[in-house]
Amino acid sequence: MHELPKQYDHKAAQARCRTLWDTHRLWHAEPEAGRRVYSVVIPPPNVTGALHLGHALNNTLQDVLVRTRRMQGFLTLWMPGTDHAGIATQAVVERRLLEEEKLSRHDLGREKLVERIWAWKEQYEKRILGQLRDLGASCDWDRVRFTLDDQCAAAVREAFFRLFQKGLVRRGKRLVNWDTFLQTAVSDDEVFHEQVKGHFWHIRYDVIDPKPGEPASVTVATTRPETLLGDTAVAVHPSPAAALDAAEAAVRQKRATASAKEQPEIDAQLDEFAARRRDLLPTLETLATMAHAGRQLRLPLLGRAIPLVADEWAKPELGSGCVKITPAHDPNDYDVGKRRSLPMLNILNPDGTLNAEAGPYAGLTMHKARKKVVADLEATGQLIQVEDRVIELAHSDRSKTPIEPYLADQWFIRMDELAQPALDAVTGGRVRIVPERYAKSYVDWLSEKRDWPVSRQLWWGHRIPIWHVTGVTEADLRQAFGDRATVAWRSDEVDGWFVCSSDESLATETIAGGQLTRDPDVLDTWFSSALWPHSTLGWPRQTADLATFYPTSALVTSRDILTLWVARMVIMGVFDTGEIPFSEVYIHPKILDRYGETMSKSKGNGVDPLDVIETLGADALRFALASMATETQDVRMPVEFQCPACGQLIEQTVQNRVKPRIDCPKCAKPFRTQWASVEADLALPRGPAVSEKFESGRNFSNKLWNATRFVLMSLDAAGGENDGPPVDIQRGLSDPVSLELADRWLLSRLASVTREATQAIDEYRFAEATRILYAFAWDEFCSAYLELSKPRLADPAHRHQAQTMLLVGLDTILRLLHPIMPFVTEEIWQHLREAAGDRRMPWDESDKPLPESLMVARWPVPPAAWIDPRTENQFGSFLAVVAAIREIRARQNVPPKTRLMVAIRAAGDVATLLDPMRPAIESMAAVGITALGPDASAPPAAATASAAGCDVFVDLADLVDIDAEIARLVKENEKTAGFMRAKQAKLADEKFAARAPEAVVAKERAQLAELEAKLARDAAALTDFRRRQASS
RNA sequence: GGGCAGCUAGCUCAGUUGGUUAGAGCGCUACGUUCACACCGUAGAGGUCACAGGUUCGAAUCCUGUGCUGCCCACCA
């Protein structure tokens, strides 16, 4: 006996499956000649923290692909690993250091800090990999890589060295986003803007020795008054009138196409232009002349003389028409400074305080300096006006502190040459981005070919392999390194030499008395990530792994790192190996909460995947995520707290999601959330954030489990009498024509469903694959096939056949669902294996025993001959008849136990078809059939229904509720008549008859005929009921 | 400012090249627990497909415009 518990136990199953897979290392891929290869590299999660739902989605989809290909017989590699995430990780560890020990990184020193971060990394890497395994990810766990491990480091050094050698690395001043807390430059992508209330200060700059007719001062406006300490000019447009004309013309142009609603605003702008032309333009013209003449202004507070310059950056249509220029602290001003050869005056120390250039303000923070500058300006009368204004203030994503634009020496990678092959790869179709629309942002971004600033003033990361040396000649260098292919040098941007080497040992060397000093900076994290597909496979060594698995097959990621990561992988992959790193990029949706906000720990609106795995199972999580991965849009996931005491779900709102404790509205007991910090709260049980979205996956697992219980119980019945012949699955199904209708139907459906699901997965339509399989397994296999197998199992003549077909159906479903729900399918498959032994499917290799695990069983490939639309159609008629009887039973409130008698009037061919299904109909609808054929007639007191061209008469005898039936028929007839009118009108329309395709017209006619028949039938029944009503 | 997407049942979403009486899951209503599964079954209610025009014999689907929501990029002295 195979007695299974009534409920599927996901915890036990998950543990068993992982042991099975791990024991046989079924996820491992070893290079092997002559096999089709499928390979994927994981987007390495940051070691900053635990995995969130987005990771769960990303990795579920990869696992679906990987498991499918593995079952299809590909040599399949999924490369796992984690990312050192330079800034993010260092920021987290530094913040903790400060909070817990009140120490800065400088207190600790470089070596000690890096040690601390490694310890952090070990802890989180372990946790992340554990979570991936809990999720069921079938990564090759023998190959776990880390972007900062020795192998990746060797690749980074080699790649950087090659770039340096080719002159693609350059050193330069650059205005960077300076994080004063972490004291490093951060990229634009690591900056977020936040709206804060600020001011707009109008400041007067006096003209030095104004001549008669010249203005004595100019007014400029700024949101950052303290930056005036670094001003090295004030700009005015060189030809204000022309610029104003051009600007006005642009606005008029816009007015021509603007909507009525926008018109007033534009008109106001035009009025503004007129006023400016009248009041401001003459002054600006004078100032432009003065600028050309090299006149100077007196910088307020510091008294420095600064030039008035003519530059197009100053817009006559904005503000006073003049703009202060602070080249070292504003990106646009920096450009002006470069164009006009202005001094670049850096007033900032790396820690965010002002330096000596700020004179009396030196030592103050920017914040304090602003207050003092404003106060002093007010005192000297040079503060003309202060407006309130909402400004967008840049913050560092990592330290959450305000960003200061700051001029610093940085390393850059020149993109002018590198970007082109990466552009061509996508525009030429060698790298296909799915969905296609995302290719546009990739191409747009790369087309700018902006240099990539790669240095970071951090300690956690790949140290840039460049050394600086002074006081030596090139001959000295040649003497020292001339015979080494791993060393290159340059002096064009520096006093002395920059020496680059892929060889770490350079660190200890000296040449000709000159000391090599290593650059203190590390590389942008994305540099090592850009090498991920080939570095993880062993590059620059020409390994068998690299030869076998590179280029990889697909990359699965989310769209926010399409440029940061994907584009750079293509660039570096092509540069290093000459080949694209992957041929397809699938961009999956983002998961948002019920309000459309991105989930994040800091908002408290996230769902922890582990909570779902714990409570509902990894398969439930995967099923839900896969079914949400639709092509067109991001997915919203309503989040609830689950009361740990009573299980009640409490909708998560903007209000309650930030509370440390919540009282359950049902059982009144309190529970804690992720915010709990005081002891009283921490002592409470935790209420996990969950979503009901995951429940259908859990329910589905249980459905499959119970279908299996049924199948296994039915196999036990094999101990009884069996008159029918045993069935050889591999040979016996090759000729489906000999089978009964239900079995032909099952095979046909299995073949269609396999085809559809396989194609959906091939095309990254995960939600559709999931839906197809769910609907088939539940509605067709369980609700229909399994139900109608019941009478057949009871019949010794049909038992063998029914048992075999149940096994074929269930086994096929398990294989198709395995990539999405690996645990429950494996667990069940093992039970089947135990109970039903070696039951190889037609697509299994006939000379080999069944494999030890579903994970490496063959993907179904049903013969095309199984597909039989006519049978599917016929079977549909059968189901419709059953549904019709059930409908009558329900609407007449007949208890399920009451056995009813029905007569089915059907045309000859339909009757022939339905006749063998008599036991099935009787069993599924709980009826007895008194007559089936063209002459079957309605018994008195019958309720009627029609389905698939048949009339179904259910003998209700004295059960019938005549009034209810009359009411229903009246309503029904109105409805039918309405449809008929619509159809008749349509068919009467000459244009429709003339222009619509014949097939459509024929279809409409057939439908009309059907409606007419139905109306006649129902009208007759109605008359009959009315007569009975009158007589009773 | 530029670009992209979305708006379909109470909620979350499907709806393939325009052709039925627009579907699913959850939720809701009624009935049902010997017979695989109450994490279930059977049946039901529930939609002017955001709005306005247009193309067409025919529009949720194609075109134009409007509104709202979200995302990306650029910029805001």
Restricted to the stretch A:897-917 and to residues being over 18 Å from A:Ala942 (Cβ atoms) and open to solvent by 70 Å² or more (accessible area, probe 1.4 Å), the residue modelled with the lowest pLDDT is A:Lys897
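Going by what's in this entry, would A:Val443 be described as at pLDDT 85 or above, open to solvent by 30 Å² or more (accessible area, probe 1.4 Å) and of a type in the set (A, V, I, L, M)? So that I can check it myself, show each step before the final result.
On the way: at pLDDT 85 or above: yes; open to solvent by 30 Å² or more (accessible area, probe 1.4 Å): yes; of a type in the set (A, V, I, L, M): yes.
Yes: the conditions hold for A:Val443.
What strands (runs of 3 or more DSSP E), lying completely within the stretch A:504-603, carry at least 2 residues that are at pLDDT 90 or above and within 16 Å of RNA strand B (Cβ to nearest atom)? Quick ask: steps written out before the conclusion?
Working: elements: A:552-558, A:582-588, A:591-593.
Once the strands (runs of 3 or more DSSP E) in the stretch A:504-603 are filtered for at least 2 residues that are at pLDDT 90 or above and within 16 Å of RNA strand B (Cβ to nearest atom), what remains is A:582-588.
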Among the residues listed as A:Pro331, A:Pro343, the single one being farther than 21 Å from A:Arg204 by Cβ and either among the aliphatic types (A, V, I, L, M) or within 42 Å of the chain's Cα centre (by Cα) (or both): A:Pro331
Scan of the stretch A:365-387 for residues that are more than 13 Å from RNA strand B (Cβ to nearest atom) and among the charged types (D, E, K, R), ordered by number: A:Lys368, A:Lys371, A:Lys372, A:Asp376, A:Glu378
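Could you tell me which of the residues A:Val894, A:Val856, A:Val910 is touching a residue at least 12 places away in the same chain (Cβ under 8 Å) and closer than 30 Å to A:Asp22 by Cα? It would help to see each step written out before you state the result.
Details: A:Val894 fails: closer than 30 Å to A:Asp22 by Cα; A:Val910 fails: closer than 30 Å to A:Asp22 by Cα.
Unique residue meeting the criteria: A:Val856.
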Would you be able to say whether some residue in the stretch A:179-188 is assigned to a strand (DSSP E or B), within 16 Å of RNA strand B (Cβ to nearest atom) and surrounded by fewer than 18 Cβ atoms within 10 Å (Cβ to Cβ)? no
Pairs, please: C-beta under 6 Å, at least 6 apart or cross-chain, first residue in contact (Cβ under 8 Å) with a residue 60 or more places away in the chain and in the stretch A:770-793, second hydroxyl-bearing (Ser, Thr, Tyr) and more than 7 Å from RNA strand B (Cβ to nearest atom)? A:Thr770/A:Ser627; A:Lys790/A:Ser923; A:Pro791/A:Ser923; A:Leu793/A:Ser714
Among residues of the stretch A:541-572 being free of Cβ contacts under 8 Å to residues at least 40 places away in the same chain and closer than 22 Å to A:Pro435 by Cβ, the residue surrounded by the most Cβ atoms within 10 Å (Cβ to Cβ) is A:Pro551
Being out of contact with any Asp or Glu (no Cβ under 7 Å at 6 or more places or on another chain), open to solvent by less than 80 Å² (accessible area, probe 1.4 Å) and either within 20 Å of A:Val220 (Cβ to Cβ) or polar (S, T, N, Q) (or both) is the filter here; which residues of the stretch A:378-398 pass it? A:Thr380, A:Gly381, A:Gln382, A:Leu383, A:Val386, A:Glu387, A:Ile391
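Among the residues of the stretch A:875-896, write down those that are of a type outside the set (A, V, I, L, M, F, W, C) and open to solvent by 60 Å² or more (accessible area, probe 1.4 Å).
Residues of the stretch A:875-896 of a type outside the set (A, V, I, L, M, F, W, C): A:876-877, A:886-887, A:889, A:891-893, A:895-896.
Selection gives A:Arg886, A:Glu887, A:Asn893, A:Pro895, A:Pro896.
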With the checklist (1) outside any helix (DSSP H, G or I); (2) closer than 30 Å to A:Ala626 by Cβ; (3) in contact with a His (Cβ under 7 Å, 6 or more places away or on another chain) in hand, flag the one item A:Cys139 doesn't pass. (3)
Name the single residue that is farthest from RNA strand B (Cβ to nearest atom) among those in the stretch A:388-416 being acidic (Asp, Glu) and under 31 Å from the mean Cα position of the chain (by Cα). A:Asp416
In the stretch A:356-377, is there at least one residue being more than 23 Å from A:Thr232 (Cα to Cα) and among the charged types (D, E, K, R)? no
In contact with a strand residue (DSSP E or B) (Cβ under 6 Å, 6 or more places away or on another chain) and either open to solvent by 40 Å² or more (accessible area, probe 1.4 Å) or within 13 Å of RNA strand B (Cβ to nearest atom) (or both): which single residue out of A:Ala1016, A:Ala943, A:Ala1020, A:Ala996 fits that description? A:Ala943
Might you let me know whether the stretch A:642-662 holds any residue that is polar (S, T, N, Q), assigned to a strand (DSSP E or B) and more than 9 Å from RNA strand B (Cβ to nearest atom)? yes
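The values are calculated or read from the model by the stated rules, or taken from the named source; none is laboratory data. Keep in mind that what you see is a predicted model, and the values were worked out from it rather than measured. Cβ coordinates were reconstructed from backbone atoms using ideal geometry, including for glycine residues, and neighbour counts include every protein chain displayed. Side chains included, ligands, DNA and RNA excluded: accessible areas come from the protein's heavy atoms. Shrake-Rupley method; radii C 1.70, N 1.55, O 1.52, S 1.80 Å.
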